[in-house]
Structures are given as structure tokens and as C-alpha cells.
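The values are calculated or read from the model by the stated rules, or taken from the named source; none is laboratory data. Computed from a predicted model, the values in this text were never measured in an experiment. Heads up, the Cβs are rebuilt from the backbone with ideal geometry, glycines too, and the neighbour counts pull from every protein chain shown. What goes into the accessible areas is simple: the full protein's heavy atoms, side chains included, and nothing from ligands, DNA or RNA. Shrake-Rupley method; radii C 1.70, N 1.55, O 1.52, S 1.80 Å.
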There are 2 protein chains.
Amino acid sequence: MDAIFNRRSIRSYLDKKIEDDKVDKLIRAGMQAPSAMNGQPWEFLVVQEKDTLKKLGEMSMFSKMVGGAPLAIVLLGNAKKMRAKAFFPQDMGAASENILLEATYLGLGGVWLGVNSISEREKFVRDIFKLPEEIMPFGIIVIGYPGAGQENKFVDRYNPEKVHYEKY
Amino acid sequence: MDAIFNRRSIRSYLDKKIEDDKVDKLIRAGMQAPSAMNGQPWEFLVVQEKDTLKKLGEMSMFSKMVGGAPLAIVLLGNAKKMRAKAFFPQDMGAASENILLEATYLGLGGVWLGVNSISEREKFVRDIFKLPEEIMPFGIIVIGYPGAGQENKFVDRYNPEKVHYEKY
């Protein structure tokens, strides 16, 4: 499927707002992900205000691009409502990938910034949004129209040494 | 994108082998997933032998369908080669979702069985394949042509209460 094979991490963006119907599609794509016991442990925080995007960009040396993006979707989970907490990172990984693939399909580009399991980053996101204790920051998907020199295109990651048949 | 919105957990399958080129596409889709620091922490174990599929089906009360499937892809990680171990479950979640979406796109159906973080299941998979200590079982993606009464189709999971704008 083209979106899977062409998706790349896109880290610079045109100065162009993302249409509301596209933002909506991205969120809906995230919610269609599979999850353990169909627990759907996610919540989505849509950020388009420049000031907040700039603040998010200060999370680490790898997140500066957020300040120049028109959209960040902060993925969260509610610890009090989880059916299968042990599977939280896996479930959220699937939801994140859905958003990135839908973005690719819609002509957008994005990058995934990991937050969950890095305590300084969790605290950083928690502080910006004053999240209640039970709300766990998972990650940030940064999205925009790809900037100059950036595009989704196929780069082959296939490595036959990583495939085994019938036995390890 | 249709595959994202129509994907369902498919748990019964036609008695029909999956073509080699489709198996190959599924693995390639998995390897195209994003991963922290592009660490690509995955390995894939392709299982099509009936006896092994039956054994895998005994993992838990939720995994019986493996015994009736033509294909299971066991996702593994090598602890000694991980660039960003803290992100292992998230990265593998994205790879798992890629395989499930590619399966949907190819007219197949699948279901994701969680293994990582459930120690009995990890041991169960480890024992079947006599995995070296550094090889970590992550999960099992079970795949086949959808059986009678099973199909990928859109079921809306959108929940507006899970979307927040600018602040939580």
C-alpha cells in the first residue's frame, strides 16, 4: 500500500494551515487502530496555536520542528480508564502509525516524537497542558504540508536477515 | 484511507494458503514502520506449518484461531541490538499495524495477539521456538483469507469526548 511504503519522517513544513476536515480525518484514523481488548486507551489533543507549538518544540533537541509546524497532535491515555494497561504503548503505537499513514495519504507529512517512558519528556508535556495525574502523555505527532526538499517517497528498509521461516 | 477505516480483527479464515508474494509484502510493510532513532528493532518469524500454528494456538484462551490460520507472523526483537529499548513496544506496535493494514489492502484479514509484557505468553513463545535469551517475543499477527461471515468493513470508533483542542 503506497502510504506504508512511501511514508517518511517529514521535519519541515510549508507555512500553510491544515484544513479542518483533514485534521478530523487524522484523528478518526487514530481512533480506528486496534487495541488490546478493544480498550481504545487514547485521547487526542489537537494543537494549532503558534505559542503552544513553540513551547512543545522545546521538549528536546529533536523536537525543534514543532515550532515551525501548523499542527501537533498530542496523544494521551487515561490511566483510570485503561482495560489493558500493559499494552498501552503498543496500542498507542498503532494509533500513531495510523495518523502518520493517513497524513501521507492526505498529501501531508509528519514525524513522531516519543514521550512515553522518558520521564523528563512526560513531565514537560504534562506541565505545558497542566494534565491531571491520571492522564499519561504518550507522544506527539507533528504534521504539516512537506516543506522544500521534503517529500514522502519510497526508501527500501527491507533486510532479509531479519526474516526467519518456521524457526529462529 | 480505506485500509485504516475498514480493518477489523478477523478471527476465522478460509482453508487457503497465502501466496508467497503476499507474505513477502506483509513483511516488507512491517519493516517500513517508523522507529525511534530509526532503530528498526524488529525481526519476523513466518510460520505456516500446521503443527506449529496449532501449538501457538494454545498460548491462551484468546489465541485458538491460530490453529486454523494459514499464517502467523511472530514479531520479535533483539535486546542486544536495540538503539532505543524504551521505545520497543511503541515501535513494534507501529510495525504490527503496518502488517495488519497491508493485509487488509491485500484482501486478507488478521488479528493481533499481544505477547510482550505478559510473562507467561512470552515464555510460551520463547519455549516453542527455543529463542535465545536476547530475543524478545513481542506479538503474533495471525493472517488468512477471511472466513464465512468475516470481512473487513467500516465500524465507526469515533468518540468526540476523546478529542481536545488546544488544552486538556
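Some observations on this one:
- Diffusion constant of the protein assembly as shown at 25 °C, which comes from Stokes-Einstein with the Kirkwood Cα-pair radius and 0.890 mPa s, µm²/s: 123 µm²/s
- Per residue of peptide A:91-104, the mean number of Cβ atoms on other chains within 10 Å of the residue Cβ is 6.
- Dividing the summed helix terms, -39500 (n - 2.57) for each DSSP H run of n ≥ 4, by the number of residues in chain A produces a 222 nm estimate of -9500 deg cm²/dmol to the nearest 500.
- Alpha-carbon gyration tensor eigenvalues x 5, square-rooted, for the stretch A:1-80, Å: 23, 18, 13
- Heavy-atom accessible area buried between chains B and A is around 5600 Å² (1.4 Å probe, both sides summed).
- Kyte-Doolittle mean at least -0.5, axial Cα span of 20 Å or more - DSSP H helices of chain A: A:88-105
- Calculated SAXS-style log₁₀ I(q)/I(0) at q = 0.21 Å⁻¹ - the stretch A:27-69, Debye, Cα scatterers: -0.73
- Plainly put, the stretch B:1-137 has a radius of gyration that is 0.94 times its Kirkwood radius, both from alpha-carbon atoms, as the Rg/Rh ratio.
- In terms of the mean number of neighbouring beta-carbon atoms within 10 Å, the peptides A:159-165, A:23-29, A:33-39 order highest first as A:23-29, A:33-39, A:159-165.
- Looking at the stretch B:1-147, the DSSP beta bridges with both ends there are about 95 percent antiparallel.
- Amide H contacts under 5 Å for B:L71, placed H, 5+ residues apart: B:I143
- For A:148-161, mean number of other protein chain Cβ atoms within 10 Å: 2
- Highest to lowest packing among B:145-153, A:100-108, scored as the average C-beta count within 10 Å: A:100-108, B:145-153
- Isotropically averaged projected area of the stretch B:74-168, using the convex hull of Cα atoms (one quarter of hull area), nm²: 9.5 nm²
- Antiparallel DSSP beta bridges within the protein assembly as shown, percent to nearest 5: 85 percent
- Proximal aspartates and glutamates relative to B:K25, as straight alpha-carbon distance under 17 Å, when same-chain residues fewer than 8 apart are discounted: A:D2, A:D156, A:E161, B:E43, B:E97, B:E102
- Cα-based shape type of the stretch A:77-131, given that a ≥ b ≥ c are square roots of the gyration tensor eigenvalues and the cut on a/c is 1.5: oblate
- Accessible area in square angstrom per residue, chain B, 1.4 angstrom probe: 43 Å²
- Take each residue in A:3-11, count the other chain C-beta atoms within 10 Å of its C-beta, and the mean is 4.
- The portion of the accessible surface of the stretch B:42-168 made up by carbon and sulfur, rounded to a whole percent, is 52 (1.4 Å probe; DNA, RNA and ligands excluded).
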